[in-house]
Amino acid sequence: MPDLKVMPIREVSLSDIVGMLQRLADAIEHGEHEGIRGAVVMLDSHAMSVFGFGDAPPAVAGELLACAHYKLVRARLMSADVLEL
């Protein structure tokens, strides 16, 4: 019988917000995402704070959120294959 072992799919749980943000920062720092001009973070809290980072002008934050919304809606309406998580 082969020697089987459990391999974690993710080293950080998707519900670990801090861990996922650190993982994303590490990936960006190591060049896993090329051509990034900016990033937007929206906190799901009472104030629903939105933060934009990078060289892109502030209006790009709204555009990025609109693109993300479009991608999520399109995935829901068409197929799960459209969404790349």
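In the condition set (1) surrounded by 10 or more Cβ atoms within 10 Å (Cβ to Cβ); (2) more than 14 Å from the chain's Cα centre (by Cα); (3) outside any helix (DSSP H, G or I), His46 is compliant with all but (1). Checked across the range 2-20, the condition of being part of a helix (DSSP H, G or I), exposed (fewer than 12 other Cβ atoms within 10 Å of the Cβ) and modelled with pLDDT of 85 or more holds for at least one residue. Scanning the range 20-50 for residues that are under 19 Å from Leu65 (Cβ atoms) and of a type in the set (D, E, K, R) yields Arg37, Asp44. In the range 34-63, the residues that are of a type outside the set (Gly, Ala, Ser) form Cβ pairs under 6 Å with partners that are in a helix (DSSP H, G or I), at six or more places apart or across chains, as follows: Val40/Ala61; Val40/Leu64; Val40/Leu65. Is at least one residue of the range 30-37 surrounded by 12 or more Cβ atoms within 10 Å (Cβ to Cβ) and modelled with pLDDT under 90? Within the range 30-37 (the criterion being surrounded by 12 or more Cβ atoms within 10 Å (Cβ to Cβ) and modelled with pLDDT under 90), the answer is no, since none of the residues qualifies. Suppose we keep only residues that are in a helix (DSSP H, G or I) and in contact with a Lys or Arg (Cβ under 9 Å, 6 or more places away or on another chain) within the range 49-84. Which one would you say is modelled with the highest pLDDT? Checked the range 49-84; the qualifying residue modelled with the highest pLDDT is Val60.
The values are calculated or read from the model by the stated rules, or taken from the named source; none is laboratory data. Bear in mind that the values here come from a model prediction, so they are computed numbers and not experimental data. All Cβ positions, even for glycine, are placed from backbone atoms using ideal geometry, and neighbour counts span all protein chains on display.
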